[in-house]
């Protein structure tokens, strides 16, 4: 894009009607990892300038006909099934007589979310609500509200046994292409996102710890006399089949994804360890003609596998702790920035060098319709 085109685009964007959006997550529950969806009740407030209502009286606003005025045609974009929604409008008149239309909506429904499960069950999930306009991007501009910060009610969180909801909301723009329209165009959108940590206790105690014990038990097969390799192999194969069962159980907790989660990696790592143990038990009869050599090699293999097992567990545990710590530090940094933004919108300017938002203008509301 040339400098001239950029200038023209900037001028057009400045002249577009601006709609300021704020979203409050009133309640979140039923975060379904398998179906990649969650249920939420949200409050969305939109605010835009309406010059035709400048210096309006309360009596005029009470009986206003909204069909005669510009409508941003907002809607929620990522819900599934039925959406229960209530919409009403108000007018905000400033001291200088400038009028802003306030459109409020309260919606309850199920929303889909593409979950990032690579770090499962130590993952952090971002739950989003998409607000779009039916107008093309050349007709309206959606902006995050600076008078009131978006928020999430953590006390109303319904999945507290499985998740830990964090107290901040992020906002980012999204351009949505319209393919089914006769005249294809792109329309503006905005994602409002909150964040939740998964509590991994269930998967740790019911899968990871059990897999650890099964892998550790495989070293016990060396206590069987090396000449009874049939017994050793029988025990080893039984343990491998047990790990396969656990893999199937873990798969039922996840959607069909094309990559390995941390839980998958640990189970496959344990299965590979059991395979090496069984492979050795199948190989040891080949040294039957040299019993002393076979006994020494069997002892060396036991020591080597024990060291590998310890290193394997330590490396996995340390990696999970480090990655979880880094993720939490990133989220805490976002929470800090969010709190500074909230303080700014409330008129309390923090003493810090971080980026802030503001200032908050003072306007009064008059008139209720719909």
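When residue 314 is tested against (1) part of a helix (DSSP H, G or I); (2) farther than 19 Å from residue 267 by Cβ, exactly one condition is not met: (2). Taken together, the residues in the stretch 208-227 that are in contact (Cβ under 8 Å) with a residue 60 or more places away in the chain, more than 43 Å from the chain's Cα centre (by Cα) and part of a helix (DSSP H, G or I) amount to 2.
Restricting the stretch 266-283 to residues that are touching a residue at least 40 places away in the same chain (Cβ under 8 Å) and surrounded by fewer than 18 Cβ atoms within 10 Å (Cβ to Cβ), the residue that is farthest from residue 236 (Cα to Cα) is 269. Of 91, 87, all but one fail to be touching a helix residue (DSSP H, G or I) at 6+ places or on another chain (Cβ under 7 Å), over 29 Å from residue 202 (Cα atoms) and in a strand (DSSP E or B); the exception is 91. Looking only at residues in the stretch 249-270 that are within 14 Å of residue 206 (Cβ to Cβ) and assigned to a helix (DSSP H, G or I), the one that is nearest to the chain's Cα centre (by Cα) is 263.
Which residue, of 124, 154, is without any contact (Cβ under 8 Å) to a residue 60 or more places away in the chain and closer than 28 Å to residue 330 by Cα?
Working: 124 fails: without any contact (Cβ under 8 Å) to a residue 60 or more places away in the chain.
Checking each option against the conditions leaves just 154.
When 186, 199 are checked against the criterion of being at pLDDT below 90 and either surrounded by fewer than 18 Cβ atoms within 10 Å (Cβ to Cβ) or within 24 Å of residue 111 (Cβ to Cβ) (or both), a single residue qualifies: 186. Does residue 194 satisfy the condition of being part of a strand (DSSP E or B) and surrounded by fewer than 21 Cβ atoms within 10 Å (Cβ to Cβ)? Spelling it out, it is not the case that residue 194 is part of a strand (DSSP E or B) and surrounded by fewer than 21 Cβ atoms within 10 Å (Cβ to Cβ). A search for C-beta distances below 9 Å between a residue of the stretch 298-317 that is in the same structural domain as residue 219 (by TED's automatic domain parsing) and surrounded by 11 or more Cβ atoms within 10 Å (Cβ to Cβ) and any residue that is in a helix (DSSP H, G or I) and modelled with pLDDT of 95 or more, counting only pairs 6+ apart in sequence or on different chains, returns nothing.
Within the stretch 116-166, being outside any loop (DSSP other than H, G, I, E, B) and under 27 Å from residue 319 (Cα atoms) holds for 124, 125, 126, 127, 163, 164, 165.
The values are calculated or read from the model by the stated rules, or taken from the named source; none is laboratory data. Keep in mind that this is a model prediction, so the values were computed, not measured. Don't worry about glycine lacking a Cβ; one is built from the backbone with ideal geometry, like all the others, and counts go over all protein chains shown.
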